[in-house]
Amino acid sequence: MTWYFLRRLLLIVPTFIGITILVFVITRFVPGGPIERMIAEAQQASLQSGGGQQLGEGGQTLDEDQLRQLEEYYGFDKPVLVSYWEWLLKVLRLDLGTSTRYSEPVWDTILERLPVSAFYGIMTMLITYFISIPLGYWKAIKHNSHFDHASSFIVFVGYAVPSYVIGIILLVVFAANLEWFPMGGFYSEDFEDLDSFWQQAEDILYHAVLPLLAYVAGSFAVMTFMMKNALMDNLAADYVRTAIAKGLPFRKAITRHALRNSLIPIATHFGNNISVIIGGSFLIEKIFNIDGLGLLGYESVVERDYPIVLGVLVISAILQLLGNILSDICVAIVDPRVQFK
């Protein structure tokens, strides 16, 4: 098993290179890059100022020397593979470049928003597992009961309705109309003036109620039915019926045998949730005015801020690749019979 995980770790390198070089090449050939955006902003500023700046050939406000300097600064004057190699060497030195939109290091921009997305991602994952596993357990035990039908209706609604729609409904009902919760944000404006750590934690949780409900509503449905179906399959297996036939009580047969095997499908998805923790949902962050990493990545794509796009990609790709290995480790822990070769 040790050699298996070592091979998986070594495979991270070519997989990471394949992912990043694909996106890097796309950012170099897609129209409307950062230089074109700067030209458009300069033209708009010139028009708003009443034409004070003389437009050059083709309606440009920048001359050829300025354009060449910008291309050299952003690496557009070199072949794609050469630029990619230079960028990859910087990444190995933990240098993700400078944002073309914020004019500050990409690391600083990402690290400023990373705790927000990590908080919502971790809380969403914990709440989802704490709901899905017990709910799937009881739905399997009480299959075809009134509880099963009622909970299935709720789960299907959570699965069918997009999470951002649920977020809008929660915001309109509980924030705008009832005024039970704030309209958005990660914390209050007077957060720094609060006296104690517990008051600050309470303020963050107070703002997090509605966004977390929107996050959880869109993620717990699949996990719940996965848990229920896996447990029902194991309850119908021969080894559980044999254990019950030998005199083992039904509940003990579940907890000692069926339940652990039913957690295997859940364990396979555990590592894949790591990238979701960081990525977040830009729609929910936009609705609730949460300045997280998901919204940052979306706005960077729209604004052609390629250094931040690639920086977010680096973090997401590494977490996804490590998450796949973590999923295998979780499966091995849950089911010792699994032998990776």
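The values are calculated or read from the model by the stated rules, or taken from the named source; none is laboratory data. Owing to the predicted nature of the structure, the values given are computational and were not obtained by experimental measurement. Positions of Cβ are generated from backbone atoms using ideal geometry, with glycine treated the same way; all protein chains shown enter the neighbour counts.
Worth a mention:
- Against the conditions (1) modelled with pLDDT of 85 or more; (2) closer than 27 Å to Val25 by Cβ; (3) surrounded by fewer than 17 Cβ atoms within 10 Å (Cβ to Cβ), Ser103 satisfies every one except (1).
- For Gly218, the conditions (1) surrounded by 18 or more Cβ atoms within 10 Å (Cβ to Cβ); (2) closer than 20 Å to Lys142 by Cα all hold with the exception of (2).
- The residues of the stretch 79-104 that are within 18 Å of Arg304 (Cβ to Cβ) and in a helix (DSSP H, G or I), listed by number, are Val80, Ser83, Tyr84, Trp87.
- Output for the stretch 179-204, where each listed residue is hydrophobic (A, V, I, L, M, F, W, C) and exposed (fewer than 10 other Cβ atoms within 10 Å of the Cβ): Phe197, Trp198
- Of the residues contained in the stretch 75-83, none is found to be under 20 Å from Leu313 (Cα atoms), surrounded by 14 or more Cβ atoms within 10 Å (Cβ to Cβ) and at pLDDT 85 or above.
- Listed by position, the helices (runs of 4 or more DSSP H) enclosed by the stretch 248-341 that each have at least 3 residues that are modelled with pLDDT of 75 or more are 250-253, 259-262, 264-270, 282-287, 293-302, 306-334.
- Selection count where residues are in a helix (DSSP H, G or I) and surrounded by 12 or more Cβ atoms within 10 Å (Cβ to Cβ), scope the stretch 136-148: 8
- Those residues of the stretch 156-185 which are in contact (Cβ under 8 Å) with a residue 24 or more places away in the chain, under 22 Å from the mean Cα position of the chain (by Cα) and in a helix (DSSP H, G or I), in sequence order: Gly158, Tyr159, Ser163, Tyr164, Ile166, Gly167, Ile168, Leu170, Leu171
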